[in-house]
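Engineer: Next up is a structure, given as structure tokens.
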Amino acid sequence: AWSKYRLGFVTPTVITSATNVTLPPAEFNPVVYKMVVPNSGGKEYFLFENRQAIGFDQGLTRFGTHGLAIYHVDDTVFTRNYWRPNEAENWKEFRSEGWRKAWTGETHYGISLVQADDQWDLEHAMFYWITPNVSSSLSGDLYPGMYNVTSFNSFTKPNSSNYYFWGGSEPKFGYSGVTVTNIQEVNGIITADMSFVPWTPTK
């Protein structure tokens with residue numbers, strides 16, 4: 001059965017300052033957090049939810065996929081190309097430097113799942129089993145995942161850089177300051193610390 005969350009009735013909780021969060025499985029508890037990229041006017045942001053292999057998501061069991069899902073959302077893509085296919089490649093570390101544009105002119109997706117293992121298998125359309133029906137190349141996509149990735153910030157791989165220079169030309173790669181640390185998963189519950197770390201000039 002479709003939960004209310006799957007039908008789109010959830011309103012994300014917006015994080016504006018340092019906060020410790022607890023995320024129960026999204027399938028039965030519509031808890032989603034949102035961190036808006038500073039100076040973007042709400043047009044670019046990250047969404048966070050806990051995906052576990054239960055209910056509608058029980059099919060994730062065989063792939064060994066569960067944990068914190070981080071989505072990078074760019075509403076301007078939908079404004080420019082609403083209802084049009086978006087085939088942009090965006091697995092590069094700095095996704096604003098997309099090497100190939102889609103026929104729509106986009107260099108990145110409107111919604112991208114940030115993959116904790118930094119392999120971007122979903123974009124590459126790559127899949128392989130590690131242990132048949134237990135773990136796969138998708139097991140490292142969510143946080144902390146198979147590789148125990150417990151942080152997401154401007155300096156991790158993948159990182160939280162933004163697609164545009166909302167705050168001007170510095171820093172060069174669109175520093176967002178979006179920071180998530182101490183990502184833990186215990187008995188299907190995710191906890192983490194979320195904050196915005198201001199840009200500190202190197203000179």
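Engineer: Name every residue in the range 113-134 that is modelled with pLDDT of 90 or more and touching a helix residue (DSSP H, G or I) at 6+ places or on another chain (Cβ under 9 Å), in order of residue number.
Structural biologist: Of everything in the range 113-134, those that are modelled with pLDDT of 90 or more and touching a helix residue (DSSP H, G or I) at 6+ places or on another chain (Cβ under 9 Å) turn out to be L113, Q115.
Engineer: Conditions: (1) open to solvent by 40 Å² or more (accessible area, probe 1.4 Å); (2) aliphatic (A, V, I, L, M); (3) outside any loop (DSSP other than H, G, I, E, B). V180 meets all but one. Number of the miss?
Structural biologist: Tallying (1) open to solvent by 40 Å² or more (accessible area, probe 1.4 Å); (2) aliphatic (A, V, I, L, M); (3) outside any loop (DSSP other than H, G, I, E, B), V180 fails exactly one: (1).
Engineer: Cβ-Cβ distance below 7 Å, separation of 6 or more or different chains: which pairs start in the range 49-61 with a residue that is over 20 Å from H72 (Cβ atoms) and end on one that is assigned to a helix (DSSP H, G or I)?
Structural biologist: If the second residue must be assigned to a helix (DSSP H, G or I), the pairs left are A53/L60; A53/T61.
Engineer: Please enumerate the residues belonging to the range 101-135 that are assigned to a helix (DSSP H, G or I) and either charged (D, E, K, R) or open to solvent by less than 30 Å² (accessible area, probe 1.4 Å) (or both). Step through it out loud before you land on a result.
Structural biologist: Restricting attention to the range 101-135, the residues satisfying the condition of being assigned to a helix (DSSP H, G or I) are 121-124.
Result: D121, E123.
Engineer: Scan the range 138-147 for residues that are surrounded by 21 or more Cβ atoms within 10 Å (Cβ to Cβ), assigned to a loop (DSSP other than H, G, I, E, B) and in contact with a strand residue (DSSP E or B) (Cβ under 9 Å, 6 or more places away or on another chain) and jot them down.
Structural biologist: First, pick out the residues of the range 138-147 that are surrounded by 21 or more Cβ atoms within 10 Å (Cβ to Cβ): 138-143, 145.
Now narrow it down to the ones that are assigned to a loop (DSSP other than H, G, I, E, B): 138-142, 145.
Listed by number, the residues that qualify are S139, D141, L142, G145.
Engineer: Does the range 156-168 contain any residue that is crowded, with 20+ Cβ neighbours inside 10 Å and over 15 Å from the mean Cα position of the chain (by Cα)?
Structural biologist: no
Engineer: Mind counting the residues in the range 44-58 that are part of a helix (DSSP H, G or I) and open to solvent by less than 40 Å² (accessible area, probe 1.4 Å)? Reasoning before the result, please.
Structural biologist: Here is the first cut: in the range 44-58, the residues part of a helix (DSSP H, G or I) are 55-58.
Still in the list and also open to solvent by less than 40 Å² (accessible area, probe 1.4 Å): 55, 57.
Total meeting the criteria: 2.
Engineer: Can I ask one more? Report, ordered by the first and then the second residue, all pairs with beta carbons closer than 9 Å, sequence separation of six or more or different chains, a first member in the range 156-173 that is under 20 Å from D75 (Cβ atoms) and aromatic (F, W, Y), and a second member that is at pLDDT below 70 and crowded, with 19+ Cβ neighbours inside 10 Å.
Structural biologist: Between residues of the range 156-173 that are under 20 Å from D75 (Cβ atoms) and aromatic (F, W, Y) and residues that are at pLDDT below 70 and crowded, with 19+ Cβ neighbours inside 10 Å, the close pairs are Y163/N90; Y163/R95.
The values are calculated or read from the model by the stated rules, or taken from the named source; none is laboratory data. None of the values given here were measured: they were computed from a predicted structure. All Cβ positions, glycine included, derive from the backbone under ideal geometry; neighbour counts span all protein chains shown. Only protein heavy atoms, including side chains, enter the accessible area calculation; ligands, DNA and RNA are left aside. Shrake-Rupley method; radii C 1.70, N 1.55, O 1.52, S 1.80 Å.
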